[in-house]
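Please read the structure below before turning to the comments.
Readers should treat all values here as calculations from the given coordinates under stated rules, not as data from a laboratory. Nothing here was measured: the structure is a model prediction, and the numbers come from that model. Every residue, glycine as well, gets a Cβ built from its backbone with ideal geometry; the counts of neighbours run over all protein chains shown.
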Amino acid sequence: MAPLPGTPEHPLRVAVVGSGPAGFYSAGHLLSAKEVTVEVDLFDRLPTPFGLVRAGVAPDHPKIKSVTRVYEKTAARPGFRFFGNVEVGKDLSHAELKAHYHAVIYAVGAQTDRRMGIEGEDLPGSWAATEFVAWYNAHPDYRDLKFDLSCRRAVVIGNGNVAMDVARMLLLPREELEGTDTADHAIHPMADSGIEEVVIVGRRGPAQAAFTNPELRELGELTDADVIVYPEEVELDDHSARSIEGEGEITARRNVEILTDYSRREPAGKRRRVVLRFLRSPVAIHGDGKVEAVELVRNELDHGGEGALIAKATGDHETLEAGIVFRSIGYRGVPIEGVPFDDWKGAIPNEEGRIIDPKAQHAIPGEYVVGWIKRGPSGVIGTNKRDAQETVDHLLEDMAEGRLPEPADADPRSIEALIAERKPDFVSFAGWQLIDAAEVAAGEPRGRPRVKFTRLEEMIEAAGRRSG
């Protein structure tokens, strides 16, 4: 019988799949565990780490991106390795990870968007907000997309922070875009766009909107656009008014206060405008071969019991002319072969981070989950720190209780040799640091934080590797 892992002679070996905040926080908690020797291998299908901090945070929010300094400290710890440009499910299987590690933590996020399920959703000019965000953030999978921004009005469906980011990025003037790390291929189309108005549509009222106070305030600080809120749309029904009472609802209450302030502002006559509409849902997208209009229905809030306020459609319809539509109504995870998946929730079934076998209804030894693929797409970057701590605490508890399976080959050299054979152009953390330095150097003469590579081949070459 093999000794329990966690000693210097027999380290606990953990694979973490996904190098966004949830993955890095998991690695950090593991490597800082007291009186336990841990080795963590962090995998990502891209050559670059940090997940949505790199590919999702809006370029005009550089302070948020500074959280990567915390992750860099984790990467510098003894026992940490990064394998970038390695896709689990393609280059390595789940079963192979189980054969080389005591535990596997999936931190792969919610990689696809939820659809609206309405007529015209697939017309050219109808996009997932995630596609646009990835495009302007230089994600290599999306760099060749073409967005027609020649229209006068854009409509963004959804009331979360991603919807706000999309609206704001569409309205930034050239000089502000050029001071960010926005992808080079996106700056000119956005700066030269014909868009004069962005309409953000929420199916429920202002008290139920999911955006945070800073995101909402930023709309009122746009240099090139007035923010428009119609007074009648911030009048709360009785249920909504009661829902924002109490200390626990301070974010929602402050959102309502900010929106009420906007509704009382006189427009300053700026070149563009952003309009926030509430209690509206899209029922169809119309157009002859491309998006030309969005049909909305007005909603009323119904108290559905258990505190839920449900948006119910009335018979009151309106149509907005628009040339482009972005849906931002939620995100879903993508199944991984060999790992249970809850298709209804779009997440991996689990109990506090332990992956559950849906048939047997018990935890699968050595398999864990963290982040959006664990809890669904909710929370901010910092939410993942607490979330990861919960999962890691259970993993370490299972280790101490002898519940982790002993892998067939826990030698760290074995998995590295397998990766080198399958994916000789894998990128280490030192390779990522070379990519990082090259991007920063390219940005310096232009007064930009960095100029991002947008092709895998460019990244691999900058990392000192040769594409297989």
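Could you state the number of Å between the C-alpha centres of region 220-239 and region 58-85?
Going from one Cα centre to the other spans 37 Å.
At R0 = 56 Å, how high is the FRET efficiency between Glu9 and Asp148 if r is their beta carbon distance? Nearest 0.05 is fine.
0.35
Which percent, to the nearest 5, of DSSP beta bridges fully inside the chain are antiparallel?
Taking every DSSP beta bridge within the chain, about 40 percent pair in antiparallel fashion.
Please determine, in degrees from 0 to 90 and to the nearest 10, the orientation of helix 383-400 with respect to the longest principal axis defined by the Cα atoms of the chain, where the helix direction is its Cα long axis.
Roughly 20 degrees, rounded to the nearest 10.
As I understand it, the value is the acute angle between the Cα axis of helix 250-264 and the longest principal axis of the Cα atoms of the chain; what does it come to in degrees, rounded to 10?
Compared with the principal axis, the helix lies near 30 degrees.
With unit charges on the beta carbons (Lys and Arg positive, Asp and Glu negative) and the dipole taken about the Cα centre of the chain, which residue among Ala388, Val294, Ala437 sits farthest to the positive side?
Value: Ala437.
Between region 368-399 and region 20-52, what's the alpha-carbon centroid distance in Å?
12
Take the Cβ-Cβ distance between Arg455 and Ala284 as r, set R0 to 30 Å, and report the resulting FRET efficiency rounded to the nearest 0.05.
Calculated value: 0.20.
Quick one: length gained pulling His185 to Asp316 fully straight, 0.36 nm per residue minus the C-alpha distance?
Values: separation 131, 0.36 × 131 = 47.16 nm, distance 4.11 nm.
Roughly 43.1 nm would be gained on extension.
With +1 on the Cβ of every Lys and Arg and -1 on the Cβ of every Asp and Glu, and nothing else charged, how large is the dipole of region 114-330 about its Cα centre, in debye rounded to the nearest 20? Spell out each step's value before the answer.
Working: 26 positive and 41 negative charges, 11 e Å.
So the magnitude is around 60 debye.
Past the 20 Å Cα-Cα mark, which pairs from Lys146/Lys270; Lys34/Lys73; Lys345/Lys374; Lys90/Lys345; Lys90/Lys423?
Exceeds cut-off: Lys146/Lys270; Lys90/Lys345.
Determine one quarter of the surface area of the Cα convex hull of region 193-241, which equals its mean projected area, and express it in nm² to one decimal.
Reported value for the Cα convex hull: 4.4 nm².
Diagonalise the Cα gyration tensor of region 254-352 and give the resulting equivalent ellipsoid semi-axes, square root of 5 times each eigenvalue, largest first, whole Å.
Taking √(5λ) for each eigenvalue gives 33, 22, 17 Å, largest first.
At R0 = 45 Å, how high is the FRET efficiency between Val36 and Glu221 if r is their beta carbon distance? Nearest 0.05 is fine. Write out the running numbers ahead of the final one.
Details: r = 47 Å, r/R0 = 1.05.
For Val36 and Glu221, the calculated efficiency is 0.45.
In sequence order, what are the phi-derived ³J(HN,Hα) couplings for region 437-447 according to the Karplus relation 6.51 cos²θ - 1.76 cosθ + 1.60 with θ = phi - 60°, rounded to whole Hz, with x for glycine and proline?
Each residue of region 437-447 in turn: 4, 5, 5, 5, 4, 5, x, 4, x, 9, x Hz.
Just need the Rg to Rh number for region 114-330, please, alpha carbons only, Kirkwood Rh.
0.96
Can you pull the Kirkwood radius for the chain, inverse mean 1/r over Cα pairs, to one decimal in Å?
23.8
Please name which of Val451, Ser93, Tyr71 has its Cα lying farthest along the dipole of the chain towards the positive end, using unit charges on Cβ (Lys, Arg +1; Asp, Glu -1) and the Cα centre as origin.
Of Val451, Ser93, Tyr71, it is Val451.
Is there a quick way to get the dipole size of the chain? I mean about its Cα centre, with the Cβ of Lys and Arg at +1 and of Asp and Glu at -1; what is the value in debye to the nearest 20?
680
In nm, to one decimal, how far is the modelled label at Ser414 from the one at Lys73, with both set 7 Å along Cα→Cβ?
Reported label-point gap for Ser414 and Lys73 is 3.5 nm.
For a quick check: sort Ile324, Ile250 by the number of other beta carbons within 10 angstrom, fewest at the front. If you can, show how the numbers build up before the last one.
Working: Ile324 25, Ile250 11.
Ascending Cβ contact count within 10 Å gives the list Ile250, Ile324.
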